[in-house]
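What follows is one structure encoded as structure tokens, with my remarks underneath.
The values are calculated or read from the model by the stated rules, or taken from the named source; none is laboratory data. None of these values were measured; they are calculated from a predicted model. All Cβ positions, even for glycine, are placed from backbone atoms using ideal geometry, and neighbour counts span all protein chains on display. What goes into the accessible areas is simple: the full protein's heavy atoms, side chains included, and nothing from ligands, DNA or RNA. Shrake-Rupley method; radii C 1.70, N 1.55, O 1.52, S 1.80 Å.
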Number of protein chains: 4
Amino acid sequence: MKALLCEDDGAIRLAEQPDPRVEQPGDVLVRLTLTTICGGDVHLRHGVIPAEKHFVMGHEYVGVVEAVGAAVETVVPGDRVVGAAIISCGVCDRCRVGATQGCRFGGILGAGRSWGGFGGTHAELLRVPFADHTTAKVPDSLDDEQVLFVGDILSTGHYGARAGGVAPGDVVAVLGAGPVGLCAVHCLGLFGASQVVAADLEPERRAIARRLGATATVDPADGPLTAAVLEATGGVEPDVVIECAGSAATLAAAAELVRPGGSMAVVGNPGTNRELPLIDLFNKAVTYTGGLARLDRMPELIRLIDAGRLDLRPLITHRITLDEIVAGFELFGERRDGVVKVAVSI
Amino acid sequence: MKALLCEDDGAIRLAEQPDPRVEQPGDVLVRLTLTTICGGDVHLRHGVIPAEKHFVMGHEYVGVVEAVGAAVETVVPGDRVVGAAIISCGVCDRCRVGATQGCRFGGILGAGRSWGGFGGTHAELLRVPFADHTTAKVPDSLDDEQVLFVGDILSTGHYGARAGGVAPGDVVAVLGAGPVGLCAVHCLGLFGASQVVAADLEPERRAIARRLGATATVDPADGPLTAAVLEATGGVEPDVVIECAGSAATLAAAAELVRPGGSMAVVGNPGTNRELPLIDLFNKAVTYTGGLARLDRMPELIRLIDAGRLDLRPLITHRITLDEIVAGFELFGERRDGVVKVAVSI
Amino acid sequence: MKALLCEDDGAIRLAEQPDPRVEQPGDVLVRLTLTTICGGDVHLRHGVIPAEKHFVMGHEYVGVVEAVGAAVETVVPGDRVVGAAIISCGVCDRCRVGATQGCRFGGILGAGRSWGGFGGTHAELLRVPFADHTTAKVPDSLDDEQVLFVGDILSTGHYGARAGGVAPGDVVAVLGAGPVGLCAVHCLGLFGASQVVAADLEPERRAIARRLGATATVDPADGPLTAAVLEATGGVEPDVVIECAGSAATLAAAAELVRPGGSMAVVGNPGTNRELPLIDLFNKAVTYTGGLARLDRMPELIRLIDAGRLDLRPLITHRITLDEIVAGFELFGERRDGVVKVAVSI
Amino acid sequence: MKALLCEDDGAIRLAEQPDPRVEQPGDVLVRLTLTTICGGDVHLRHGVIPAEKHFVMGHEYVGVVEAVGAAVETVVPGDRVVGAAIISCGVCDRCRVGATQGCRFGGILGAGRSWGGFGGTHAELLRVPFADHTTAKVPDSLDDEQVLFVGDILSTGHYGARAGGVAPGDVVAVLGAGPVGLCAVHCLGLFGASQVVAADLEPERRAIARRLGATATVDPADGPLTAAVLEATGGVEPDVVIECAGSAATLAAAAELVRPGGSMAVVGNPGTNRELPLIDLFNKAVTYTGGLARLDRMPELIRLIDAGRLDLRPLITHRITLDEIVAGFELFGERRDGVVKVAVSI
């Protein structure tokens, strides 16, 4: 099959690779139809996320099941599916208590041996392990683009809102309106937020945020972030701050902004250890949560898309084919042309 | 002051009554501006809810604070407020654990000595006890009609959704689309329901339900209720059923409909003891919750109204003055003229 | 193999049966070492729980894994295990949301075709489906008797305390101190109950209840149950009532006893539909939960046994071998000789 | 009255002060009978917790109500009470959502104008504001020493266990077995911890920890803390780590130790901002919570003491009178003579 390889020096190229196949009883083989380029791909390529190189890239996908292992209960050949970017077995001691990020047998799609050795989605075929836990069926009423983000960034944005414990009436700030932040903004309506203030440096992203449900947006370039957010809320300290940028400045702003007894949910990879204003967190009794995508609500998210309550297609700013993916990476990596997400047909 | 009295024989009449005043340090005196007739008023009048007679009626209101007791912290004279239909002190052993319905010093407004001996809202003035716990300020941006239901039926509908544990993506059925059921329908969007099926015999109420967020409506007169609901959901058993009618038929339908592990939240007063299909509840491990209004989220509901996320004005089908209230009771009690709620200016 | 058969007329007899074997990739084959007679066995035998007859009986067990299917991740041949009385796949739509009782592919061990067609534990060998979800390893430090109840009644008692939401300081009543009730009593210490009042007609069971942590016991034969429980608590209405008898009288007493805003957890099979005092439940805003065993905490329960925090061996009043099991059923069914649980060596 | 004053230079001395009296309708006046010296007192004295000087010290107490304001509902003169070290009104926007630490009208007892200007407990009389929210009655069955810690360190230890979400079967590490850590250790039994590993440098404190429920103790001087804790748990990563020391080393160890998906509850004042290993927290999706005492469970803690489930008297290593309190401060501040807590009779 054709697949996008990441090489030692961070070079990427399309190359012929052996077709994957069902290996374990829990596997399914998926013929991929749509994938998308993620910030994680770029981080892996350039070593921001450290990984042993030479692997097929990509971890967000839609496709059609071509074959299933003997133990698979929930999908059959011919089913169209989306799947989790992060693989987990569902039954080890970690998964059993919901800590799927720490699965004993898991890892990340498209990240090579350092992250479990699974295949990638910038390819024609994908072996999906533990398919009963890592895939979800897509109904005929939805097209590929509508569900493209279910298995990674939409689940992450949803997790941000959920981890923050957003409840009806809450005032929420979302710091960083990149792909994950925009998904968080869009999901906050599902939790009944009364105000959603989104902060981002790029006007195009602020515009999409407003389209997806932000009640106000803030440009951090205009002045101190905390003051701008508080002005937007009418002086109300946010009950929850969802941090989607992972920078020192946004982490500090989140801790400063959140009300006593509130929560900060960090779904932007901080990338490195940082000093946190622990005195503030302590004196205000703030709860700090977060982490990578939690992939346990894919069927619910699909239901919500099908009901018209979620629609992330405004994130798709560019559409290309797998043959054009190397150029797509350049566009995406350089944030050219107002790019948010690039949908890649296969 | 002028006030609506409920007499021994269920007769109601406007009569001159002594002005209430601040009696306890936690009291406020409110000059009422808007009230509304509730099914509870009718039940009290006719003894369905038993109560010793001769009292000022009414328990839903908007008004302006005229005087405050020495211990009041949260409102001052001149503040416009809504208030809880059910009075609770906030500090007794029951209130401390959230069981405000069982408050040692509480009761119900406009229900006489049998229910705590508090005043009623179908009057010009109202003494509100424990005002720090039982009132909430209304911002200038909202008019009286927008917040009229905060202190009773909106809080009850919200409580139904909350008690049922509705989470994003859930499929929910609301059985009974009277005033409380319509509020529940409207609140379900705040909890991320993907489908909301509302059942009611009256076409006008089904129409309002659709306007307030129901994704489908069902007429129980068309055939078996459970089959109709399941047809509307595409065969998906509801995760949560909110029972707002209090009838034997809807209670049984709720227990039959709800999925294994799901919840039924009963916010329609069942009025009498009833046989429940306990075998079904047991075998499906259903959680059954419910009760009268929980009034602990009034500020959040006001925030949501102010943000445009809640708007219950479609429930107001008739507008009258206090002088016309006796006729209003007849209209409301007989469900004439498509009445849902009657707003009464004072 | 040798196994106990339940015949059409409720007759039971030991008979030679074909050895089960691994059939599906998720199966394990277990050589049974210890089983126990349950009230559920008796109900199945006599049709109280309706079931098509001619099946191997028994659903509580300890044994050693003899073979594993290709998809099994968590146990290997030679592991000593306990297992869930109720089978669930762990991945269907029901299991995914925790409603394992409603599993699309599940059922009950030792209950025949009507309940999923699985084998029983009153036998030498058992095929266990979905073993990654339905078994838990036993450490060498524990003997068979210490873990015998993990897969059914201990999990049920624990579920009762958990479903009731018992929190540190709560006052709890347990109505019915049979095997499940005694397990509930014993688990309540894990949730920090300050008072545990156990009610049962049999003095031996009340004595075991006190040994397992009840702070007071009540004999319902001495007078009205609710008055006796309240006397034992010093007049404090229980925060939670765990109903383990399934009778009309105890259900009514539970609803009457529980404080406003409290919970009643029903883990005694009610056996038939019953009238509940819904007015009380409504006016007090009581939460009613319960159902069959929830088997999702077996590893935690084993940890607690290993730590010495749980020890249910006082329930084992009789010890026999599989060859004596028919006589054991008579003893147990007739509640002779102070029997609580009969451990059956294989 | 006689009271201990903290002067500008950190000097402390007993001095005659004006008797406090009931000033607000929610106040009670308490004649103090027992108080205790806290690490917070020492921090305030020496400026580690910054505060404008010249105030009556002390914030933990038992006493008898001498007078009550007109709005007080829950106590009457003659009641023996304990009270919250941290004052909160119970009704402001912060308190209403449980963020009592951020109360608009609150502060800390015995910490002067910088912290709300309330009186201190190292004195003969104390004015207690918002008494319905800040005091709890003590039953006759308990003596003063049994309840001395309810209003501060016991509530803090309990809050650590609760905030960490400890559930039955969990393995928990407590880093720091000073007064708060010992209270946390003792409370963990109420949440069903299967293993409790306590770490402290002082052998006396480790011995008390074992007496109060620790299943193992660790001396950080013996080598790397994380390795020692894991050895004590048999290699099991703790589900929850309760950090009670507030040092950089214990914060880092907590983040390293906790299992994926676990929690760290920080109830030791970190004293300054610090670098946290955010990458670990992110990759493991750890929840970080904590803060000062949460005082909302005093009645439950008293119930548990009365039931014999909690007994913190082993913390009282020294008993003195108010006249000896200056010497007591020296003993306590220098950690001489195995001191843990000094009970001061008044």
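Worth a mention:
- Entry comment: accessible area of the protein assembly as shown is 33 Å² per residue, from protein heavy atoms only and a probe of 1.4 Å.
- Computed with every protein chain present, the accessible area of A:Val68 is close to 50 Å² [probe 1.4 Å].
- Members of A:Lys284/D:Lys53; D:Lys2/D:Lys53; A:Lys2/A:Lys53 lying beyond 21 Å, as alpha-carbon distances in this model show: A:Lys284/D:Lys53
- Amide H to amide H distances under 5 Å link D:Lys341 with D:Thr317, D:His318, where only residues 5 or more positions off or on other chains count and H is placed in the peptide plane.
- Accessible surface comparison of D:Glu73, B:Glu60, probe 1.4 Å, protein chains only, largest first: the order is D:Glu73, B:Glu60.
- Surface burial for D against B, with a 1.4 Å probe and both sides summed, reaches about 1200 Å² of accessible area.
- Where both bridge residues fall in chain C, DSSP classifies roughly 55% of the beta bridges as antiparallel.
- Protein-only accessible surface order, largest first, of B:His59, A:His54 at 1.4 Å: A:His54, B:His59
- Sulfur and carbon atoms: percent of accessible area, the protein assembly as shown [1.4 Å]: 49
- Per residue, chain C reaches -7000 deg cm²/dmol at 222 nm when only DSSP H runs of four or more residues are counted, each adding -39500 (n - 2.57).
- Relative to one another, the C-alpha centroids of region B:290-346 and region D:1-60 are positioned 53 Å apart.
- Three-way shape label, chain A, alpha-carbon gyration tensor, a/c 1.5: prolate
- Separation of alpha-carbon centers, region C:209-263 and region C:81-111, rounded to whole Å: 31
- Residue-wise HN-Hα coupling along region B:270-287, computed from phi with Karplus coefficients 6.51, -1.76, 1.60 (Hz; x: Gly, Pro): x, x, 7, 5, 9, 6, 10, x, 4, 4, 4, 4, 5, 5, 8, 6, 7, 9
- Inter-chain Cβ neighbour count for C:271-281, averaged per residue, equals 6 (cutoff 10 Å, partner chain atoms only).
- Percent of beta bridges antiparallel (DSSP, the protein assembly as shown, rounded to nearest 5): 55
- Solvent accessible area, Å² - D:Met298, 1.4 Å probe, full protein context: 0
- In this structure B:His318 has an accessible area near 30 Å², from a 1.4 Å probe over the protein heavy atoms.
- Counting Cβ atoms of other protein chains within 10 Å of each residue's Cβ and taking the mean over peptide A:283-296 gives 6.
- The mean number of Cβ atoms from other chains found within 10 Å of a Cβ in peptide B:73-80 is 2, as a whole number.
- Cα gyration tensor shape for the protein assembly as shown, rounded if a/c is under 1.5, else prolate or oblate: rounded
- Global form of region B:154-290, assessed from the alpha-carbon gyration tensor, a/c cut-off 1.5: rounded
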